[in-house]
Every structure is written in C-alpha cells, then in structure tokens.
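Here's the structure we're looking at; comments come further down.
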Amino acid sequence: MSMKISTRQVDGVTVVDCSGRITLGEGSVTLRETVTQLLSKNQKKILLNLAEVNYIDSSGIGELVSAFTTVRKQGGDLKLLNLTKKVHDLLQITKLYTVFDVQDDEAQRSSRLARFLPRKRWIGGSPAALPKFPFSGTGGDSVRPSHPLVTLPA
C-alpha cells in the first residue's frame, strides 16, 4: 500500500492526514514534497496526523526528522498527532519520542492548535546559553549536549 496524503486547515494550522506506509521511495518522497509545498505557501504550523500510518521504516523515520528540522529552520513548528501503537513504540525505541511534540487527540487539542504552544524549552534560557564542550580530534571545535530539551507538562 502506498502513502496517501491530504491536507486541511484547522484554526490556522495545516493538518496533514497521512495513511499507508512511510517507507523508502514513494512514501518518504510524498511526505517531503508535501512539507516543502506547505513551507513554500508560508504554512509553517504543521500537524502530521499519523492515525492511518501502519508502518514506518528507517527511511521514513529519517524523513520525519528531516521534515521536523526543515520546518524548524524556516521558523515553523511540526507536531505529530494520533500515533498508532507501532509508530509510538518505534519512536520510543529510537528515543525520538522526546524530540517530537506528540498530540493525542485533535479535538481535545483544538484550542491549543491556534496558539500552537511549544511544549519544550531550552535549559538555561536559550541555545546560546548552553556550555560548549571540546570534541576530541577536531582541533578545538565544540559541540553542544545531545539532549538540551526538557519536556514540560501540558
């Protein structure tokens, strides 16, 4: 079964309803093209509804992370909605569940959709306030801690 996507607007947020499989090839390309089109239309509040997604492979996981990064770099926000048990477990195993803001129910969150409040905050105020750590073998280059986010209660 190939990936099918439809989009709709709810309170200023673009809800992307996905169904099928997000896999290497058509599934991941379809998702990438959809996110790119939304950003080109200046639609930067994106909610991926994964209720009908029954399988995601490593390429699909990579595409979700890529979409998240691309949207964030453009000043937007991408959240996940209605994860199936398989997808939820996969995000837990890969520890990506802590990276994405995951919503449980669209109707329950409709008031929050308009505000699209972030649920994660930087430790110490801002990313610039994080300490730099030397990274061996690069002649003094530095990297930031791998998990600078803290999840706050909704």
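Quick note: the coordinates plus some simple rules give every number you see, no bench work behind them. None of the values given here were measured: they were computed from a predicted structure. Quick reminder, even Gly has a Cβ in these numbers, built from the backbone with ideal geometry, and neighbours come from all protein chains shown.
For the stretch 4-118, the direction-averaged projected area of the alpha-carbon convex hull comes to 6.3 nm². Each label was represented as a point 7 Å from its Cα along the Cα-to-Cβ direction; for Ser66 and Lys95 these points are 2.3 nm apart. Would you mind checking Lys41/Lys95; Lys4/Lys45; Lys41/Lys79; Lys4/Lys86; Lys4/Lys41; Lys4/Lys85 for any pair whose Cα atoms are more than 24 angstrom apart? Exceeds cut-off: Lys41/Lys95.
For the stretch 55-71, the residues whose backbone nitrogen is under 17 Å from a point 7 Å from the Cα of Glu26, taken along Cα to Cβ, are 55-57, 60. Evaluated with a Cβ-only charge set (Lys, Arg +1; Asp, Glu -1), the stretch 64-107 carries a dipole of roughly 260 debye about its Cα centre, given to the nearest 20. 3J(HN,Hα) along the stretch 50-65, derived from phi through the Karplus expression 6.51 cos²θ - 1.76 cosθ + 1.60 where θ = phi - 60°, amounts to 9, 4, 9, 8, 9, 7, 9, 9, 4, 5, x, 4, x, 5, 4, 5 Hz, with x in place of Gly and Pro.
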